[in-house]
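A short worksheet on the structure shown next.
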Amino acid sequence: MQPPASSELLDQASCWDGLSRWERSELGRALRRLGWSYGEIMGLIPVPKGTLAGWCADIRLADTAIEAIRTRSLSQRGIPRDTQGRRRAQVEQIRR
């Protein structure tokens with residue numbers, strides 16, 4: 001489970017369209033400083049991973065935060081991805 005975020009941060013995330021570019025970057029940076037993974041942040045706010053990585057490039061997480069992220073994401077390891085699913089769907093649609 002991800003670290004809790006303040007209600008102020010969650011309110012800002014719900015008003016994403018009304019935020020300035022600076023406020024958006026500060027929101028992403030604040031969540032990262034709390035120990036959220038990029039995936040968790042992207043699940044809350046609509047931002048590409050590259051943009052988020054740029055915002056958070058200078059933020060260094062503590063070893064405990066890194067380990068917490070690893071344990072939260074362990075459940076997803078070992079599950080094969082269906083990397084060709086979209087391609088198969090396109091081929092099937094063409095065949096019909």
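Read the figures in this text as sums done on the coordinates, not as results from a lab. Since the model is a prediction, treat every value here as computed from it, not as a measurement. Ideal geometry is used to build each Cβ from the backbone, glycine not excepted, and the neighbour counts take in all protein chains shown.
The figures follow:
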quantity: Difference of contour (0.36 nm per residue) and Cα-Cα distance, E23 to R88; calculated: 19.3 nm
quantity: Degrees, to the nearest 10: 85-95 long Cα axis against longest axis of the chain; calculated: 30
quantity: Label point distance in nm, M1-I59, each placed 7 Å from Cα along Cα→Cβ; calculated: 2.1
quantity: Angle in degrees between helix 21-33 and the longest Cα principal axis of the chain, rounded to the nearest 10; calculated: 90
quantity: Dipole-positive endmost among M42, G28, I59 within the chain (Cβ charges, Cα centre); calculated: M42
quantity: Nearest-20 debye value, the chain charge dipole, Cβ charges on Lys, Arg, Asp, Glu; calculated: 720
